[in-house]
Amino acid sequence: MGIEVVVDGLTKSFGRQNIWQNVSLTLPAGEVSVMLGPSGTGKTVFLKSIIGLLKPEQGRVLINGVDMVNSPEREIMETRKLFGLMFQDGALFGSMSLFDNIAFPLREHTRKKESEIRRIVMERIDIVGLLGAEGKLPGEISGGMRKRAGLARALVLDPQIILCDEPDSGLDPVRTAYLSQLLIDLNAQIDATMLIVTHNLDIAATVPDNMGMLFCRNLVTFGPREVLLTSEVPVVAQFLAGRREGPIGMSEEKDAATLAAEQVNGGGAGAGPRTVVPQLEPSPGMPVRQAALRRRERVAAMMGQLPQAARTAILNSYTPTAGGARP
Ligand SMILES: Nc1ncnc2c1ncn2[C@@H]1O[C@H](COP(=O)(O)OP(=O)(O)OP(=O)(O)O)[C@@H](O)[C@H]1O
Ligand SMILES: [Mg+2]
């Protein structure tokens, strides 16, 4: 099963520009989490910090006892092998076939024989629904196919932690829905810990077990999906409703004075109670998501500290609906 990722008091700046400060959260083992946040709030920087490619000035990222910020580089490199990464743009090599692109990490990081590589690559190509396209160049396929090829490549080294940076960017709503289902099916099959950065409200509403949001150099909140989906915190409510009114402005973030004025004027209020749509279930024939079972216990233990609206939404999600029984 996946591995827990503990982020503890992380602060990152570039020169004098502070990106975020004192970010702490735990990605529970094998669960799916989403990180939201307006453009430029440092979501990609956050992912890069988790794998140790960027070094925050303060804090720790603990994975199996290795600190991806401060441990010796050799240990960080070793731990990085646990990760599968899916980049914002797919990041495929344009001159290589999909097969060679997806085989690349295996050829680079393992000494497997070509026959074994072929078996693994074709299996992953099958999982993401690209059988038959393996001989094509990235330029010859659609954006959605490139995304799935990027996901297949992220999967070849049997990752226990998968980081996806805007897997939906450039996809139409239908393809995004298929991708959401693919992520959940994948989670059911390999039980890897997943962190997805996205702006897509449908993914946010239907895919994750947990959700967080970066805004104004801070982690606004991180917790069970129902906490954010029912949150009355103005920036969260505004973002999830996709409204202009509220603390989030056109140029990434409204400045401090505008923000203060907004709050005085009650910006962000007025949307009324929001309904929480059910989380996606694995497709028929897929195994039960072990993470969903573990999460149920984990959330039960923290129920007492959750806001009432979140508690109600969680309890409702356990009630069988016309759509089928919940796990
Ligand atoms: N290597 C770097 N050197 C200097 N500044 C950087 C570097 N990488 C990112 N930044 C800055 O950090 C801030 C956050 O960037 P980041 O790419 O993490 O935003 P994001 O939340 O992923 O945005 P988007 O939703 O548009 O992808 C930006 O102001 C960016 O200019
Ligand atoms: Mg980004």
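Only the coordinates and a few stated rules stand behind these numbers; no lab work does. Please read all numbers here as calculations on a predicted model, not as lab measurements. Neighbour counts run over all protein chains shown; Cβ positions are idealised from the backbone, glycine included.
Quick notes on this structure:
- The stretch between T319 and R74 holds 83.4 nm of extra length on full extension. This uses 0.36 nm per residue minus the Cα-Cα distance.
- In the range 5-224, lysine pairs closer than 30 Å at Cα, eight or more apart or cross-chain: 23
- Of the GluC sites (Glu not before Pro) found in the range 1-97, those in coil by DSSP whose Cβ has at most 11 other Cβ atoms within 10 Å are E57.
- Whole-angstrom gap from the range 1-27 to the range 64-140, using each part's C-alpha centre: 25
- When you filter the trypsin sites (Lys or Arg not before Pro) in the range 1-106 for DSSP loop state and at most 15 other Cβ atoms inside 10 Å of their Cβ, you are left with R16, K81.
- Extension reserve of the V277-D202 stretch, reckoned as 0.36 nm per residue once the Cα distance is removed: 26.0 nm
- Nearest-0.05 FRET efficiency for V288 and V233, computed from C-beta distance (R0 22 Å): 0.10
- Loop-resident trypsin sites (Lys or Arg not before Pro) (DSSP state other than H, G, I, E or B) in the range 96-174 with no more than 12 further Cβ atoms inside 10 Å of their Cβ: R111, K113.
- Rg then Dmax, both in Å and based on the Cα atoms of the range 5-224: 17.1, 51.
- Efficiency of FRET from Cβ geometry, D8 and D158, R₀ 30 Å, rounded to 0.05: 0.65
- Relative contact order %, the chain, counting alpha carbon pairs below 8 Å whose residues are six or more apart: 21
- Note on Q189 and E114: with the Förster distance fixed at 25 Å, the Cβ-Cβ geometry gives a FRET efficiency of about 0.50.
- Annotation: the residues R295, R244, R311, sorted from fewest to most other C-beta atoms within 10 Å of their own C-beta, follow the order R244, R311, R295.
- Once both labels are positioned 7 Å from their Cα atoms along Cα-to-Cβ, the gap between S142 and R296 label points is 3.6 nm.
- One chain, two ends: T221 and L53. Fully extended at 0.36 nm per residue, the span grows by 58.1 nm beyond their Cα-Cα distance.
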